[in-house]
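Structure first, then comments.
The values are calculated or read from the model by the stated rules, or taken from the named source; none is laboratory data. The structure displayed is predicted, hence computed values, not measured ones. Methodologically, a virtual Cβ is constructed for each residue, glycine included, from the backbone with ideal geometry; neighbour enumeration extends over all protein chains shown.
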Amino acid sequence: METPKIGVYVCHCGSNIAGTVDVQQVVEFAKKLDSVVVAREYKFMCSDPGQNMIKEDIKNLKLNRVVVASCSPLLHEPTFRHAVQEAGLNPYLFEMANIREQCSWTTEDHEKATEKAKALVSAAVKRVRYHQPLETKDVPVNPATLIVGGGIAGIQAALEIADAGHKVYLVEKDPSIGGHMIQFDKTFPTLDCSACILTPKMTSAGSHPNIELMTYSEVEDVSGFIGNFKVRVRKKARFVDEEKCNGCGVCMEKCPWKAPSEFDLGLGERKAIYTPFPQAVPNIPVIDKEHCVYFLRGRCRACEKFCERGAIDFEQQDKIVELEVGNIIIATGYDPFDPTPIVKYGYNRYPNVYTALEFERLCNAAGPTGGKIVLRDGSEPKSVAIIHCVGSRDENYHRYCSRVCCMYALKYSHLIKEKTEADVYQMYIDMRCFGKGYEEFYERLSKEGVKFIRGKVAEVTDRALTDEEKGKLIVCGEDTLLGTVIRVPVDMVILCIALEPRSDAKQVAQLFRISQGADGFFIERHPKLDPVATMTDGIFIAGCCQGPKDIPDTVAQASAAATRVLSLISKGKVELEATVAVIDEEKCSGCRVCNILCPYNAITFIEDKEVSRVNEALCKGCGTCVAACPSAAITHKHFTTEEIMAEIEGVLV
Amino acid sequence: MEIELLTPSKETTDIILEEGGDDLKSCFQCGLCTGVCPWNRVTTFSLRKLIHKAQLGVVDFEDDEVWRCVACNACVERCPRDVQMPLLMRAIRRVIMEVGAGIVPHSLRISEKNISAVGNPLGEPAEKRMDWAKDLGVKTFTKGTEMLYFPCCYQAYDPPTRKAAIATVNILKKIKADFGIPDNSVVCCGESIRKAGAESLYRKLAETNIKIFNDLGVKKILVTSPHCYHTFKDEYPEFGGNYEVIHLSQYLDQLIRGGKLKFTKPLVKKVTYHDSCCLGRYQRIYDEHRQVLTSIPGIEFEEMRDNREYSLCCGGCAGRLWMETKKGERFSELRLEQVAEVGAEILAVSCPYCMANFNDAVLTTGKSETIEIKDLSELVSEAL
Amino acid sequence: MSFEPKIVGFCCNWCSYRGADLAGTARMKCSPNVRIIRVMCSGRVEPTFILKAFELGADGVLVLGCHPGDCHYVEGNYKAARRMPLLKKMLAQMGIEEDRVRLDWVSASEGDRFVAIVDEMTEKVRALGPFKNNFKEAKYG
Amino acid sequence: MAKLKIALYWAASCGGCEIAQLQIGDKLLKLAEAADIVFWPVAIDVKYKDVEAMPDKSIDVCLFNGAIRNSEQEHMAKMLREKSKVMIAYGSCAYEGCIPGLANLFNRELIFERAYVETPSTDNKERVFPQTKFKVPEGELTIPEFYDTVKTLRQTVDVDYIVPGCPPEEKTTWLALEALITGKLPPKGTVISHSVKAVCDDCPRKKDVKKVKKFYRTFEIIPAPEVCLLEQGLLCAGVATRGGCGAPCPQANMPCTGCYGPVEGVIDQGAHFLSAVASVIDSNDPEEIQRIIDDIRDPVGTFYRYSLPDSLLRRARIR
């Protein structure tokens, strides 16, 4: 190690530090510390003259280590690193002592504050001796992108990237892309038809030369790191040859076997060979083994007989496809909350209690009732209650607000008013109409004569107290604006169910090494400043998998994710963290204690050498493995054991 | 505790809607109206809750609270959803007055009967309506007269209020205006009784007056009551009465600016002005009075705490003038405190209801020695 | 003068260090006895560091990480949560009082919590008195 | 070439090191060829005064085994250091304190109480304890002073090399002797062993990722023969112990107990072993973690079986 020549700079920060800490004393103290060549004070070290002071000293006094005692490193470490670098020193040969936030600002006693400042300076000086120059590394970025989830988020992101001229693999677990949005009838607040605005995008995605659609497929394994992921995808057997099928639909027509339609949430039926809906992309059916009589009893094959192209293939097997991509966008969406556990709301008990998604299908002209809003008995409801926050804003189910319910509930009132004579009651806790045009929509709906009752519904019951209530569903609760218990007899109840994380969100999180919040949604890198990236570089999230959101927000986030990917593709390389862990293979005994500790799968065991190795591209530099290594064979760059030990010694002066 | 159970009634809501309460649909229950309502300076009255009950059709028509609203429009001024509360209240009251639900306060019922029977709420004989002008040498309006001066019922019958009508005539004569007054066949303009819910009576009144005016070929009407002003200008056209309506304050302002009115006697007094709701928030006529008052030599003019669009109602609109208001709950008394606050000797008004209310209030609050209530017309007339 | 304990504090870069910074930014006052060493994650804190601190004369050691479930590195704090109880069990056998070592969680927004923990820890350690290395003060030999 | 002069001494130890030294078998002949033993209390009759009489640095090598637990041992360590050119801490006791070092969980008072009063076979109602000086008619008798704290040789005198093990394996002993005989000495301070890596490197068992739900004591399970013992819940110290021994214990189905001391560069063997063990606990639930830890009955004895006096804390605080 070269002889350390350390410069120490103590900042007054106006009176922020100097008002409490005796800066002069700290400087005198620093001068006496081992290897300190110069110690100075200045009013504002972060100012240009302050930085120049450091630069001059580096040049004139040949300093090779620098310590600045000022504010939190989270604030100005980059500033001073940059200054040091400009003077020709490696930026990592710098250390900061936080004598403002963690000293002058929290301490009243001047003497104690000064003592603490000295201790922190001494720690920084002792530590910086051990600092090593570090270099960041570049790795190339594979320009192909994997997008998981073929809802509006996935489609949007795929189109943006594909339009920019880059390859996209769009993986969707269902037989068609479209996601939840294609199930919706109208979209708020503009009331345009959901399918009308989405199908053109679906078609573009389906026919785009740069998009490889992989429907009825699921990601099974992900390895590698930003710029260089390897992904294994299972293409489930459709029993229909995608190359041969021309989507004529004869097979579906001729299939004699029916099953409840998943797309219509069981309100309608589909065939055993089916596409989930007529505008499916790709327009290639799948055979549902659970309901196909050939698979169940070995007889039928009607579809095969009628298929002129010979596209039916009962022998088809799942296929494993290996992909190599540089970036991944996860857009796996949400699950609708099942309100059955809220027994008091009567879902699955009273036939005319519907979930919001069911109502979407009920409203839709292509839905099971041809768009007629009717009760189970086919009659038109005379009154409808829409219950908000079912499973949302409720400690018993989900604490968060699902964000879209108020608006779709308003939309429903409009649709009901448009299509029936029914009275509509909105039973809400708060009306949250924050988006562009949303408040206006709310006002418009108010004017349409929708009745708003503020209060969380306690119960939906069929137990009538008066003749008027007989044969009705009575929605009971407090009208908090009146301070009175209210009973509203209605014919139909719609439950505005929460949007919740996909049931397999945990597996997806593990697969892609991203994290879930307490609510189960995937966590973004920063809730405000980085809402698209995840803690795993090269993996982005968009849409409801990150948290409940509406279509415009989803599209915006998807475009943002696409842009982030495109910027990485266009840069062509990624810079890796310098403060990573490295394993000394000369010391590693191959015990494999560290292997499972890495949340990023950055540690691999090299079988033939019987040692573990850190993939620097994957390592985020947390140091957990370092602390666990019983052989001290792992070094955490910039947070080495020596450095921290020196710091401990320093703070204990 | 017994829990009150309510069930929304579509029918009741529909009636209120039919009666013109359409605005209630827009209300999103923010409660701002309750916050600004002058009633809450003197008691508790949740206008917001009343609207919500109307939304759900669970209004208690027998409760006094449906009669509270004075239609001062203070809430409308600030309502984020632009709900016209007075229209809503009017609709609710119509359901009571016209459909027969609930109870009409006795005093209101009397005024209604008076108007219906003799054409004025005071119950004075119709044939004496124009007695106030007997000795003034004013001509009765005939075809071809330029302008009809229409004094309000109070200005016709109530002696202290009548002074305004007399002063007005003096001014008009001074400038040699071509004007006439109606004969005894005219009736109350109906503005307040309409707001109190008596829609059919109002229509009868309007039709009567319109027929007379139209027969006489009236084109321009000068009024000294903001209520007449409001209904002639904004409501009569619906029934075929289309006139140029001008309030005395506007008229005077025009005269002064046109140099047609010259003051000769200085009036060394400290004066403040009370904006009536009907002229202020309803018509946004604020500056004219102030210009007239400040152009009178000697007057030291001072604004009260609540002025212009934030003016505090005297408590007399929408039929409240006829109903009993408990002492301690009268806005006029609060308003006088504001007058005292600025140390004004004269409270200028330009509305007969305000005049009547404040004349009462100076007596009940013992301020008759220190505060004088004068109509704008009186002050101008004195200074000529 | 009363005994002023020296406490070494390890804070993770993402939550607790920011919580400590926030305490300062909000000008909350707290005991100056805890001197903070920044690590990237509470999972980086080796038991050796804690022992070393005692060897060098610390009277207490405080380790602060992100709240469970909130770790910036997914679950580094859980690793700390596994090591600390075992270390404490060992330290108990070595006659070291439980209150001299503490693992706790402070989020970036919990400046007040940071102050409360630091103050409480300082007072507890103050009550215990100085930690002396018994090797040096052994009576015989 | 002149023959090497070798001294061998035992301090607080069990005698196992002497056996280990003899166990080099036929290599003893080679040793005899190359060296003369000038002092070896266990085998040859040389008195302390004879050693005292030797000129300083007249002994080429001293192989010192045993920890320093009393004044006599300290005295001898210092004297031998003066007389010897090369001082070797031979075996775990001299190196890190070893089993005698676990006495650092107590002090003299507690140990005497236990040894001379509490033990079931002792009848000492009068509470008679050893005294360093005792007058008898014949004069004053002295015995060495028993210390509160066991120290390692390095904590007592300057040590040139270390031969680890409890006792050192034959091949390790020979590695050191061969270096001495041939004069090819490593840098001062070297721990002489065939490996700088941990025992796992020597251990033939199959290693996989580690997730442990329950820890066992050796008598509680019969471990699968080919799988890493730690993965099976046995507290095998191999991960944290210097190799070179050839991993005989794991190969005999017994977990390593750590006698070769820390891996090169490790400051505190016990702390590293502890951290590794805690890290592989397969739970994030505080209560479950505590339950799993409850199975580790004696953390100090487990993690510091051989190294307590050489650890960062060195000894327990006695309250």
Considering every residue within the range A:573-591, establish whether at least one is within 24 Å of residue C:84 (Cα to Cα), facing another protein chain (nearest Cβ under 7 Å) and at pLDDT 95 or above. yes
In the range D:190-210, is there at least one residue being facing chain A (nearest Cβ under 8 Å), in contact with a Gly (Cβ under 9 Å, 6 or more places away or on another chain), aliphatic (A, V, I, L, M) and not in a loop (DSSP other than H, G, I, E, B)? yes
Just for the range C:53-70: of the residues that are over 13 Å from the mean Cα position of the chain (by Cα) and within 10 Å of chain D (Cβ to nearest Cβ), which one is modelled with the lowest pLDDT? C:69
Within the range A:352-374, how many residues are of a type in the set (S, T, N, Q) and either outside any loop (DSSP other than H, G, I, E, B) or under 16 Å from residue A:336 (Cβ atoms) (or both)? 2
Filter the range B:340-363 for residues that are buried (at least 24 other Cβ atoms within 10 Å of the Cβ) and assigned to a helix (DSSP H, G or I); the one that is farthest from the chain's Cα centre (by Cα) is B:361
Among the residues of the range B:4-25, is any of a type in the set (A, V, I, L, M, F, W, C), facing another protein chain (nearest Cβ under 9 Å) and part of a loop (DSSP other than H, G, I, E, B)? no
The range A:416-438: number of residues that are free of Cβ contacts under 8 Å to residues at least 40 places away in the same chain and within 31 Å of the chain's Cα centre (by Cα): 5
Just name the residue that is nearest to the other protein chains (Cβ to nearest Cβ) out of those in the range B:48-71 that are part of a helix (DSSP H, G or I) and under 21 Å from the mean Cα position of the chain (by Cα). B:65
Restricting attention to the range D:230-242, report how many residues are surrounded by fewer than 24 Cβ atoms within 10 Å (Cβ to Cβ) and either within 11 Å of chain A (Cβ to nearest Cβ) or not in a loop (DSSP other than H, G, I, E, B) (or both). 3
Please tell me if residue B:361 is farther than 30 Å from residue B:64 by Cβ and among the aliphatic types (A, V, I, L, M). no
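Table: residues versus (1) of a type in the set (D, E, K, R); (2) touching a residue at least 60 places away in the same chain (Cβ under 8 Å); (3) within 22 Å of residue A:131 (Cα to Cα); (4) crowded, with 17+ Cβ neighbours inside 10 Å.
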site	(1), (2), (3), (4)
A:10	no, yes, yes, yes
A:16	no, yes, no, yes
A:19	no, yes, no, no
A:29	no, yes, yes, yes
A:41	yes, no, no, yes
A:44	no, no, no, no
A:48	yes, no, no, no
Kindly indicate whether any position in the range A:52-73 is assigned to a helix (DSSP H, G or I), without any contact (Cβ under 8 Å) to a residue 60 or more places away in the chain, within 14 Å of chain C (Cβ to nearest Cβ) and crowded, with 18+ Cβ neighbours inside 10 Å. yes
Restricting to the range A:167-180, give me the number of residues that are surrounded by 24 or more Cβ atoms within 10 Å (Cβ to Cβ) and within 20 Å of the chain's Cα centre (by Cα). 7
Would you check if residue A:608 is touching a Gly at 6+ places or on another chain (Cβ under 7 Å), away from chain C (no Cβ under 11 Å), of a type in the set (D, E, K, R) and more than 30 Å from residue A:97 (Cα to Cα)? no
Might you check whether a residue that is in contact with a Lys or Arg (Cβ under 8 Å, 6 or more places away or on another chain), within 30 Å of residue B:29 (Cα to Cα) and away from chain B (no Cβ under 13 Å) occurs anywhere in the range A:469-488? no
Among the residues that make up the range D:169-186, is at least one of them of a type in the set (Gly, Ala, Ser) and not in a loop (DSSP other than H, G, I, E, B)? yes
From D:170, D:140, D:178, residue being away from chain C (no Cβ under 14 Å) and under 19 Å from the mean Cα position of the chain (by Cα): D:170
Cβ-Cβ under 6 Å pairs, at least 6 apart or on other chains, the range C:77-89 side more than 12 Å from residue D:296 (Cβ to Cβ) and facing chain D (nearest Cβ under 7 Å), far side assigned to a helix (DSSP H, G or I) and polar (S, T, N, Q): C:79/A:624; C:79/D:279; C:83/D:275
Residues in the range A:398-419 that are part of a loop (DSSP other than H, G, I, E, B) and either within 14 Å of chain B (Cβ to nearest Cβ) or modelled with pLDDT of 95 or more (or both) total 6
Being surrounded by fewer than 20 Cβ atoms within 10 Å (Cβ to Cβ) and within 28 Å of the chain's Cα centre (by Cα) is the filter; apply it to the range A:338-354 and report the residue that is farthest from residue A:185 (Cα to Cα). A:341
Unique match (being at pLDDT below 95 and acidic (Asp, Glu)) among D:109, D:74, D:82: D:109
Evaluate the following for residue B:376: is it within 16 Å of the chain's Cα centre (by Cα) and under 30 Å from residue B:260 (Cα atoms)? yes
Yes or no: residue D:263 crowded, with 24+ Cβ neighbours inside 10 Å, within 14 Å of chain A (Cβ to nearest Cβ) and assigned to a loop (DSSP other than H, G, I, E, B)? yes
Matching option when the condition is more than 30 Å from residue D:62 (Cα to Cα), more than 14 Å from chain C (Cβ to nearest Cβ) and outside any strand (DSSP E or B), among D:126, D:109: D:126
Can you pull out every residue in the range A:94-130 that is more than 9 Å from chain C (Cβ to nearest Cβ) and either surrounded by fewer than 23 Cβ atoms within 10 Å (Cβ to Cβ) or over 39 Å from the mean Cα position of the chain (by Cα) (or both)? A:110, A:111, A:114, A:117, A:118, A:121, A:122, A:125, A:126, A:129, A:130
Looking at the range B:26-47, which of its residues are touching a residue at least 24 places away in the same chain (Cβ under 8 Å), hydroxyl-bearing (Ser, Thr, Tyr) and in a loop (DSSP other than H, G, I, E, B)? B:43
Taking the range D:286-319, which residues are acidic (Asp, Glu) and either closer than 12 Å to residue C:87 by Cα or at the interface with chain C (Cβ under 9 Å from one of its Cβ atoms) (or both)? D:294, D:298
Conditions first: (1) surrounded by 20 or more Cβ atoms within 10 Å (Cβ to Cβ); (2) assigned to a loop (DSSP other than H, G, I, E, B); (3) more than 10 Å from chain C (Cβ to nearest Cβ). Residue A:632 passes all but one, so which condition is the exception? (3)
